[in-house]
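Asks: Supplied in structure tokens, the structure appears directly below.
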């Protein structure tokens with residue numbers, strides 16, 4: 001039955017989810033307890049199965065949903081990390097609308113490489129997702145990243161000019177823009193080091 005649940009999560013099969021819950025009302029709770037990697041919510045978020053996630057939210061009690069949201073896979077990623085990585089904006093918005101406090105906590109959660117979902121949005125150039133998270137008031141954007149740098153350092157390191165522009169224009173914080181990593185490097189230093197002229201010009205203006 002557990003395999004059927006995971007298959008339903010991957011396929012977004014809401015009818016199968018309802019049928020499985022009729023057979024065993026605790027199947028989602030058992031999936032959380034037995035999980036060694038990704039929960040059904042992880043898989044649905046990764047695949048962008050919005051209707052399936054809505055069904056989970058409707059049929060599951062609040063405490064079980066809370067634990068499923070905070071569950072980590074083997075890469076220490078929660079469902080929000082996966083929604084960002086796989087560019088599933090609808091999933092992101094659904095999670096935000098359902099529970100601000102839970103998602104705010106998820107935005108601060110770090111994966112095995114020390115990155116929260118906003119860091120990942122910047123690294124992968126997920127501009128819409130990045131803007132939605134910032135507009136929602138999440139503080140993860142201000143959290144230090146790898147090497148003691150900021151999310152702006154990540155933009156330079158991964159050559160994400162548009163993400164950098166979005167962040168600089170949205171945050172409008174000169175102190176943050178000129179922050180140093182643990183090696184004393186600002187984003188201007190990094191842009192010069194990597195030979196990224198457009199980023200260097202943007203950094204020098206700010």
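The values are calculated or read from the model by the stated rules, or taken from the named source; none is laboratory data. Just so we're clear, the structure is a prediction, and the values are computed from it rather than from any experiment. Every residue, glycine among them, receives a Cβ derived from its backbone with ideal geometry; neighbour counts consider all protein chains shown.
Yes/no matrix, rows are residues, columns are (1) buried (at least 23 other Cβ atoms within 10 Å of the Cβ); (2) under 18 Å from residue 117 (Cα atoms); (3) touching a strand residue (DSSP E or B) at 6+ places or on another chain (Cβ under 9 Å); (4) without any contact (Cβ under 8 Å) to a residue 60 or more places away in the chain:
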position: 21; (1), (2), (3), (4): no, no, no, yes
position: 25; (1), (2), (3), (4): no, no, no, yes
position: 34; (1), (2), (3), (4): no, no, no, yes
position: 40; (1), (2), (3), (4): yes, no, no, yes
position: 44; (1), (2), (3), (4): yes, yes, no, yes
position: 66; (1), (2), (3), (4): no, yes, no, yes
position: 77; (1), (2), (3), (4): yes, yes, no, yes
position: 86; (1), (2), (3), (4): no, yes, no, yes
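Asks: Scan the stretch 88-104 and tell me whether some residue there is modelled with pLDDT under 90, more than 19 Å from residue 129 (Cβ to Cβ), surrounded by 14 or more Cβ atoms within 10 Å (Cβ to Cβ) and out of contact with any strand residue (DSSP E or B) (no Cβ under 7 Å at 6 or more places or on another chain).
Replies: no
Asks: Scanning the stretch 105-126 for residues that are surrounded by fewer than 16 Cβ atoms within 10 Å (Cβ to Cβ) and either part of a helix (DSSP H, G or I) or on the phi > 0 side of the Ramachandran plot (or both), which turns out modelled with the lowest pLDDT? I'd like the intermediate steps shown before the answer.
Replies: Initially, the stretch 105-126 is screened for residues surrounded by fewer than 16 Cβ atoms within 10 Å (Cβ to Cβ), giving 108, 112-114.
Adding the requirement that they be either part of a helix (DSSP H, G or I) or on the phi > 0 side of the Ramachandran plot (or both) leaves 108, 114.
Numbers: 108: 90, 114: 93.
Step by step, filter the stretch 105-126, then rank; the result is 108.
Asks: Could I ask something else about it? (1) surrounded by fewer than 17 Cβ atoms within 10 Å (Cβ to Cβ); (2) in contact (Cβ under 8 Å) with a residue 12 or more places away in the chain; (3) assigned to a helix (DSSP H, G or I): which one isn't true of residue 159, the others all being true?
Replies: Tallying (1) surrounded by fewer than 17 Cβ atoms within 10 Å (Cβ to Cβ); (2) in contact (Cβ under 8 Å) with a residue 12 or more places away in the chain; (3) assigned to a helix (DSSP H, G or I), residue 159 fails exactly one: (3).
Asks: Do we have residue 54 as touching a helix residue (DSSP H, G or I) at 6+ places or on another chain (Cβ under 8 Å), under 18 Å from residue 7 (Cα atoms), assigned to a helix (DSSP H, G or I) and free of Cβ contacts under 8 Å to residues at least 40 places away in the same chain here? First the steps, then the outcome.
Replies: On the way: touching a helix residue (DSSP H, G or I) at 6+ places or on another chain (Cβ under 8 Å): yes; under 18 Å from residue 7 (Cα atoms): yes; assigned to a helix (DSSP H, G or I): yes; free of Cβ contacts under 8 Å to residues at least 40 places away in the same chain: no.
No; evaluated as a whole, the condition is false for this residue.
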